[in-house]
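Since the structure comes first, as structure tokens, the remarks are kept for the end.
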Amino acid sequence: MKRVIGSVVLGVVLLAGLPLGAVWGADLKAIQTQKTKDIVVTLLSESGQWTPGKNTFVLECTSAATKQPVDVGKVTLSTSMAMPGMAPMLAGATLSPEKTPGRYLGTISFEDRGARQVTVAWDGPAGKGSTQFSVSVR
Ligand SMILES: [Cu+2]
């Protein structure tokens, strides 16, 4: 009986500990893939796009050469939207590392639709780098 309770408890702990990205599994669609010299940055989500309001997504860094996950260390993602006649609208993502190296669970909120200039920067075992690309909030 102790054993059964033990496995039930273990099962619950494992389930609760599963990162959202793992729960999503293969159902994620790419929002954007950006290739740099060494690293490929991919943004993924259930819908494959960002929308106004709060968005949950996965950021993945893989090696451009081997396609394998790369530990890129500390990663930031910031966005900027050019607004005619006013200051650009800025939004940054909150990123937390998942168990897979180079994979992060992110949240970001947008006030409106429109094209964002996205900057992803990393600093860690794979070196220091950054890349910029455009993503439309639809
Ligand atoms: Cu705007």
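Where a number appears in this text, it was derived from the coordinates with a stated rule and is not lab data. What you see is a predicted model, and the numbers here were worked out from it, not measured in a lab. Cβ: placed from backbone, ideal geometry, glycine included. Neighbour counts: every protein chain shown.
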Query raised in the report: Before we move on, is THR79 free of Cβ contacts under 8 Å to residues at least 12 places away in the same chain and more than 12 Å from the chain's Cα centre (by Cα)?
Result: no
Query raised in the report: Taking the condition in contact with a Gly (Cβ under 9 Å, 6 or more places away or on another chain) and over 22 Å from SER47 (Cβ atoms), does PRO88 pass?
Result: no
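Of the residues SER63, SER47, SER96, which single one is touching a residue at least 24 places away in the same chain (Cβ under 8 Å), within 20 Å of LYS29 (Cα to Cα), touching a strand residue (DSSP E or B) at 6+ places or on another chain (Cβ under 8 Å) and surrounded by fewer than 17 Cβ atoms within 10 Å (Cβ to Cβ)?
One residue alone meets the criteria, SER63.
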Query raised in the report: Of the residues that make up segment 127-135, is at least one free of Cβ contacts under 8 Å to residues at least 24 places away in the same chain, aliphatic (A, V, I, L, M), within 16 Å of the ligand (Cβ to nearest atom) and not in a loop (DSSP other than H, G, I, E, B)?
Result: no
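Please note which strands (runs of 3 or more DSSP E) are completely contained in segment 38-110 and include at least 1 residues that are of a type in the set (Asp, Glu).
Result: 53-63.
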